[in-house]
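Please treat every number below as a calculation from the coordinates, not as lab data. Note that the structure is a prediction, hence the values are computed from the model and not measured. Using ideal geometry, Cβ is built from the backbone for each residue, glycine included, and neighbour counts are taken over all protein chains shown.
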Amino acid sequence: MINYEKLKASREGFGIGIVKAALENKNILALSADLSESLKLEEFKNRFPERYIEVGVAEQNLAAVGAGLALEGKIPFITSFASFSPSINWGQIRVSICYNNANVKIASSHAGITTGEDGATHQALEDIAITRVLPKMNVIVPADATEAEKATIETSKTKNPTYLRLGREKFPQVTEESEFRIGKANILKKGSDLTLIACGNMVFQALKASEILEKKGIEVEVINNHTIKPLDSKTILQSAKKTGTIFTVEEHQTAGGMGSAVAEAISGEGIHLEIIGVEDKFGQSGSASELLEKYGLSANKIVERIIKHKKLIQNV
């Protein structure tokens, strides 16, 4: 299930996916805020120079231009770092894109603490929260490069404004055998003792954690919840009613992210939920592996959190 030999960043999958989508639809455009290389748009630029627009370091303008193009029938992918878009240009995304229901795709890389050495200013940890609250906005967080490619292609076919959250760091691939459908979570591993729901790079950590826990006699059901909005409440509730316990894990603040969306979905169902994420802190510089460990998001730290919960239950 985990392909350790194939290391790729989700942003690489986006670069492949947007080229494939553009080959199928001549209305697809790519706009960049001076970060085309980071967003892996070099092949797109070479193949479709007339469909590439360099806006420069002007993220608010990036969103406004994208909205205008969408309202004229184009399908623009506006690209930047997640710490700049949707953060700096949230007002333009809200009014120019979402209020007008403009078919703009916001593809942003370097999300989460695995942005690593770039440090706190470039580690977006609030972006899921500020995008999922916007009316008409879809929010997708691919688990790996394979899924990012599929998600980019599928997103290009929808009419919704969409936020596509991508990462900088290379990780093993975990979704090579999975079908991708917007709004449909994937059960990657079945279990009966608890449900572990993850998105983005954390899906790999969740699968690793489940393997460790299995050796300790704890059967974990792992769900890749790539679509935060619209949330697949049905799959989540079915799994939670079977196991009785949910842990969510994400490279994001615990407030307002995927865990919060899951909490809203299961409210009133009497299901125990614990949200694993960044606890009201900014990030800092360091390698991706060091930061995952420090902020409690590595597989080992996830295991520790679950074991602690199990011990508490046994002592009640």
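Modelling each spin label as a point 7 Å along the Cα-to-Cβ direction, I'd like the GLU50/LYS241 distance in nm, to one decimal.
Result: 5.5 nm between the two label points.
Cβ under 11 Å from GLN123's Cβ, GLN123 left aside: what net charge do those residues give with Lys, Arg +1 and Asp, Glu -1? Walk me through the intermediate numbers first.
Working: positive: ARG168, LYS281; negative: GLU117, ASP118, GLU126, ASP127, GLU251.
Around GLN123, the surrounding residues sum to -3.
Note the angle between two axes, namely the Cα long axis of helix 10-24 and the longest principal axis of the Cα atoms of the chain, as a number of degrees from 0 to 90, rounded to the nearest 10.
Value to nearest ten degrees: 50.
So, R0 is 41 Å and r is the distance between the beta-carbons of SER289 and SER267; what FRET efficiency does that work out to, to 0.05?
Working: r = 35 Å, r/R0 = 0.86.
It comes out at approximately 0.70.
Put a dot 7 Å past each Cα toward the Cβ at GLU177 and VAL133; how far apart are the dots in nm?
4.1
In µm²/s, what is D for the stretch 255-316 at 10 °C and 1.306 mPa s, where D = kT/(6 pi eta Rh) by Stokes-Einstein and Rh is the Kirkwood radius from Cα pairs?
Details: Rh = 13.6 Å.
The diffusion coefficient I find is 117 µm²/s.
Between the alpha-carbon centers of the stretch 160-181 and the stretch 27-44, tell me the distance in whole angstrom.
18
How big is the stretch 1-138 along each principal axis, measuring the range of its Cα positions in Å and listing the largest first?
Sorted from largest, the Cα extents of the stretch 1-138 read 43, 33, 31 Å.
Expected output is a single nm value to one decimal: the length gained when fully extending between LYS234 and GLU214, i.e. 0.36 nm times separation in residues minus the C-alpha distance. What is it?
Working: separation 20, 0.36 × 20 = 7.20 nm, distance 2.55 nm.
Contour length minus the Cα-Cα distance gives 4.6 nm.
For q = 0.08 Å⁻¹, what log10 I(q)/I(0) does the chain give under the Debye formula with an equal point scatterer on each alpha carbon and no solvent?
These q points yield log10 I(q)/I(0) values of -0.33.
Measure nothing but the geometry: give the 0 to 90° angle between the long axis through the Cα atoms of 59-71 and the longest principal axis through the Cα atoms of the chain, rounded to 10°.
In the chain, helix 59-71 runs at an angle near 70 degrees to the longest axis.
Starting with the fewest neighbours, write out HIS272, HIS110 ranked by other beta-carbon atoms found within 10 Å of each beta-carbon. Show your work: numbers first, answer last.
Values: HIS272 14, HIS110 26.
In order of increasing Cβ crowding within 10 Å: HIS272, HIS110.
Find how many whole Å separate the alpha carbon centroid of the stretch 258-311 from the alpha carbon centroid of the stretch 47-109.
Each part reduced to its Cα centre gives a spacing of 31 Å.
What 222 nm value per residue comes from the helices of the chain, counting each DSSP H run with n ≥ 4 as -39,500 (n - 2.57) and dividing by all residues, nearest 500 deg cm²/dmol?
Numbers: 10 runs with 109 residues, N = 316.
Counting only the DSSP helices, I get -10500 deg cm²/dmol.
Give me the net charge for the shell around GLU50: Cβ to Cβ below 14 angstrom, other residues only, Lys and Arg +1, Asp and Glu -1.
Local net charge: +4.
Using Cα atoms only, what is the angle between the long axis of helix 233-243 and the major principal axis of the chain, expressed in degrees (0 to 90) to the nearest 10?
The helix 233-243 is inclined about 20 degrees to the chain.
Give the value in nm², to one decimal: projected area of the alpha carbon convex hull of the stretch 186-315, averaged over all directions.
Details: hull surface 30.9 nm².
Computing the convex hull of the Cα atoms and averaging its projections yields 7.7 nm².
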